[in-house]
Amino acid sequence: MKLWVLVFITALSVGLSISLVNFHFQGSWYYMLISFLISFTTSFIVFYYLLEKYIYSKVKLIYKMIHNLKLGKDLKEALGEYVSSDPINDVEHEVKEWAGAKKREIELLKRQEKFRREFLSNVSHEFKTPLFAIQGYIETLQDCMTDDPEMALSFLKKAEKNVERLTYLISDLDAITKLETGEMPINYQRFDFAVLAKEVIELLQDRAQKRQISLYIKDKYTTPSFVNADREKIRQVLINLIENSIKYGKENGATAIKIFALHDQFLIEVTDDGMGIEEKHLNRLFERFYRIDTHRSRMEGGTGLGLAIVKHILEAHQQTISVRSTPHIGTTFAFTLQKSDK
């Protein structure tokens with residue numbers, strides 16, 4: 001409500017009250033009208049002056065401060081001193097909006113703080129495990145170097161494996177950081193996704209055969225599927241997803257790749273018939289170091305960053321990935337890629 005409207009209603013109420021009282025005691029319409037005009041005019045002038053000087057001007061000042069703080073200094077200078085025509089309503093709206101924004105900001109900071117603590121704890125744990133193992137192997141190696149050369153060689157190989165694990169871990173962390181900051185560019189090119197899928201299957205065939213898992217592309221999805229993306233990074237996406245299906249698939253099982261043509265995208269699904277994932281884990285699968293079965297993941301030698309890398313690569317392509325799963329039936333990871341018409 002604008003100031004003059006507020007003052008007018010207040011002065012009108014006072015004027016009517018005084019004139020009605022005057023009419024009650026004197027019974028004259030003439031004196032009632034005179035008293036109304038005098039009281040209304042006086043009230044309007046006095047109220048307007050007092051509200052403007054001691055209340056409204058302060059509200060406008062508060063509104064200006066809030067508004068300019070929200071805009072920021074540079075934008076404020078570009079727009080000049082903004083003054084609202086109805087600062088009382090506007091300041092209420094601005095304060096509520098600002099409070100809501102601050103609340104969301106605080107909630108985001110709390111989530112980030114929780115994520116930071118978990119991330120640091122996970123990084124520390126992931127590095128500590130192989131480092132302690134290497135330390136133990138080296139100490140044992142020193143003791144049996146001359147007495148038992150065979151055992152020394154065995155411990156040396158174990159230490160080497162842990163060094164490799166550290167290397168993979170650092171490499172994956174570096175890749176995620178570069179993807180997040182945009183330091184790892186996406187080199188778009190046109191290529192046939194079906195051909196790439198066959199290459200990845202051939203690459204991982206031996207590893208799958210050790211667990212008696214068959215890898216294949218559904219026959220009706222082997223037609224040329226030209227996409228516009230970074231071939232090497234999408235290759236990494238496929239490798240990570242299929243390796244994941246091999247790790248958690250069942251023996252004598254299968255992993256299938258399906259390619260569906262949408263309007264301007266291809267939908268790619270990687271489906272296994274393995275142990276499946278409980279629903280409570282699905283929302284956190286793409287978090288760094290999140291593991292469902294910690295012991296088995298470490299036995300398989302994973303860094304816990306594979307799915308996080310997959311998510312970051314696809315987001316860098318401005319595409320999405322999702323997962324659906326049923327325990328003891330299987331899991332499907334689905335992601336999109338942009339079609340390339342020419």
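Pick from the range 11-53 the residues that are of a type in the set (S, T, N, Q) and crowded, with 16+ Cβ neighbours inside 10 Å: which of them is modelled with the lowest pLDDT?
Out of the qualifying residues, it is N22.
What number of residues in the range 317-334 are open to solvent by less than 90 Å² (accessible area, probe 1.4 Å) and assigned to a strand (DSSP E or B)?
Final tally of qualifying residues: 10.
Just the residues that are hydroxyl-bearing (S, T, Y) and either more than 29 Å from the chain's Cα centre (by Cα) or open to solvent by less than 20 Å² (accessible area, probe 1.4 Å) (or both), please, taken from the range 247-264.
Selection gives T255 alone.
Enumerate the pairs (first residue in the range 134-155 and part of a loop (DSSP other than H, G, I, E, B); second residue anywhere and surrounded by 13 or more Cβ atoms within 10 Å (Cβ to Cβ)) with beta-carbon separation below 8 Å, excluding pairs fewer than 6 apart on the same chain, so at least 6 apart or on different chains.
Taking only residues 6 or more apart or on different chains, the pairs are M145/A152.
Within the range 140-165, which residues are under 29 Å from L305 (Cα atoms), of a type in the set (A, V, I, L, M, F, W, C) and crowded, with 17+ Cβ neighbours inside 10 Å?
Listed by number, the residues that qualify are F155, A159.
Scan the range 172-194 and give yes if some residue there is hydroxyl-bearing (S, T, Y) and modelled with pLDDT of 80 or more, otherwise no.
yes
Evaluate the range 251-268: report whether one residue or more is outside any helix (DSSP H, G or I), of a type outside the set (S, T, N, Q), within 23 Å of Y168 (Cβ to Cβ) and out of contact with any Cys (no Cβ under 7 Å at 6 or more places or on another chain).
no
Can you say whether L267 is hydrophobic (A, V, I, L, M, F, W, C), open to solvent by 60 Å² or more (accessible area, probe 1.4 Å) and under 27 Å from the mean Cα position of the chain (by Cα), as far as the supplied structure shows?
In short, no.
Here is a list of conditions, (1) modelled with pLDDT of 90 or more; (2) part of a helix (DSSP H, G or I); (3) more than 27 Å from T177 (Cβ to Cβ), and H295 meets all of them except one; can you say which number that is?
Failed condition: (1).
Within the range 112-139, which residues are at pLDDT 75 or above and open to solvent by less than 50 Å² (accessible area, probe 1.4 Å)?
Answer for the range 112-139, where residues must be at pLDDT 75 or above and open to solvent by less than 50 Å² (accessible area, probe 1.4 Å): A133, I134, G136.
How do the pairs read when you match residues in the range 222-242 that are over 17 Å from S340 (Cα atoms) with residues anywhere that are among the polar types (S, T, N, Q) and buried (at least 16 other Cβ atoms within 10 Å of the Cβ), using Cβ under 7 Å and keeping only pairs 6 or more apart or on different chains?
I242/T255
The values are calculated or read from the model by the stated rules, or taken from the named source; none is laboratory data. Nothing here was measured: the structure is a model prediction, and the numbers come from that model. Positions of Cβ are backbone-derived with ideal geometry, glycine not excepted, and every protein chain shown enters the neighbour counts. Note: accessible area is taken over every heavy atom of the protein model, side chains too, but ligands, DNA and RNA are not part of it. Shrake-Rupley method; radii C 1.70, N 1.55, O 1.52, S 1.80 Å.
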